[in-house]
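The values are calculated or read from the model by the stated rules, or taken from the named source; none is laboratory data. Because the structure is a prediction, the values reported are computed rather than measured. Backbone-built Cβ (ideal geometry, glycine too); neighbour counts: all protein chains shown. Accessible surface is based on the protein model in full, side chains and every heavy atom, while ligands, DNA and RNA are left aside. Shrake-Rupley method; radii C 1.70, N 1.55, O 1.52, S 1.80 Å.
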Amino acid sequence: HNTFQSLEELTSSRFSSFIERAAFTDAFGFERRLGVSGQYVAGDLLVQAGAFSDNIEDLPGKSWSLDGRVVFAPKMGSTQLHLGGSLHHADLAAGDTVRYRQRPLVHFTSTRAIDTGNLAAESELGAGLEAALIAGPLHAAGEAYWQRLDRPGALVDPTFFGGYAEVGYFLTGESRGYKSFKFDRTRATREVGEGGIGAIQVNLRYDYLDLNDRGIAGGTQNGYLASLVWVPTDYTRLMLNYGHLEYDSAALALPGPDRSYGADVVGMRAQVDF
């Protein structure tokens, strides 16, 4: 199951505001891992902790991690707040390497403009902050995440960073769903087929990823993203995304060679869940 990192990562992709999650969640290797965990809930407080090995497809392996997350989610009148933080420590097997990289917005391509390459490491330490609010048809969310590598011998120990800030609004008046300390299903006030047009939402996001530090030049990404989400019925969604991405010191050079350039991406998704 998922380790306890990031509101964005723990929110189901069925209910996300963009086709893909924020760049840092993929770049830093957030994924389901074999492990054991527990959680404690008391009113507006959530505490989660667990010990994990690796993704089951990568077993057997000798790497392990400890992960924890705390969330405080009070409701003030009709406004839902969400404040949280997480910690991650991974102990890597001798001779292991890590690699941080990311695609441009969509995962339809294998192209990765920013990439640290394989880095020898003994352990990694991650720390994240997350915040969100839902006030009527308006929602806002943001996260910041730092990933530090402890490398063997005299090799430098870099710290990489990623984060995003977004705002969204339902033109048809609905509120973004929230349940169990993460975003959840939004139900249209009047579905298509029942005299309405469903729910229509617009979202804007700034998405940042920095893979440069202490002589390691993986590149930086500044992403300016927009999405249009249409929910005709409670269990169907159509999404249209646009992203303008600016790269500096990119690992992937254009002919020239030019390592500072932009990319424009359009992605669409139609989904049914049951």
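Report the relative contact order of the chain, percent, no decimals, based on alpha-carbon pairs under 8 angstrom and at least 6 residues apart.
15
Would you calculate, for the chain, the mean residue ellipticity at 222 nm contributed by helices, counting each DSSP H stretch of 4 or more residues as -39,500 (n - 2.57) and dividing by all residues, to the nearest 500? Show your work: numbers first, answer last.
Working: 2 runs with 9 residues, N = 274.
The helix contribution divided over the chain gives -500 deg cm²/dmol.
If you add up the charges near residue 4, with Lys and Arg at +1 and Asp and Glu at -1, over every other residue whose beta carbon is less than 14 angstrom from its beta carbon, what do you get?
Working: positive: 32, 33, 69, 182; negative: 8, 9, 31, 67, 130, 143.
Net charge in that neighbourhood comes out at -2.
If you roll a 1.4 angstrom probe over the protein chains with everything in place, what fraction of the accessible area of region 121-274 belongs to carbon and sulfur, to the nearest %?
It is 61 percent, rounded to a whole number.
With just the Cα atoms defining each centre, how far is region 178-239 from region 19-85? Give it in Å.
19
How large a share of the accessible area of region 1-40, in percent, is made up of carbon and sulfur atoms when the probe is 1.4 Å and the other protein chains stay in place? Present the calculation step by step, with values, prior to reporting the outcome.
On the way: 710 of 1540 Å².
That fraction is 46 percent.
With a 1.4 Å probe and every protein chain left in place, tell me how much accessible area residue 14 has, in Å² to the nearest 10.
100
In nm, to one decimal, how far is the modelled label at residue 260 from the one at residue 99, with both set 7 Å along Cα→Cβ?
About 2.8 nm, to one decimal.
So with the 1.4 Å probe, I'd like the accessible area per residue for region 53-186, rounded to whole Å². Don't jump to the answer; show the numbers that get you there.
Details: 6240 Å² over 134 residues.
I get 47 Å² per residue for region 53-186.
Out of region 106-210, which GluC sites (Glu not before Pro) are coil in DSSP terms and have no more than 14 other C-beta atoms within 10 Å?
Answer by residue number: 194.
Taking the Cα centre of region 205-274 as origin, sum charge times position over the Cβ atoms of Lys and Arg (+1) and Asp and Glu (-1), and report the length of that vector in debye to the nearest 20. Kindly include the intermediate steps, with their values, before the conclusion.
On the way: 5 positive and 9 negative charges, 22 e Å.
Dipole size: approximately 100 debye.
How many angstrom lie between the C-alpha centres of region 251-274 and region 87-156?
19
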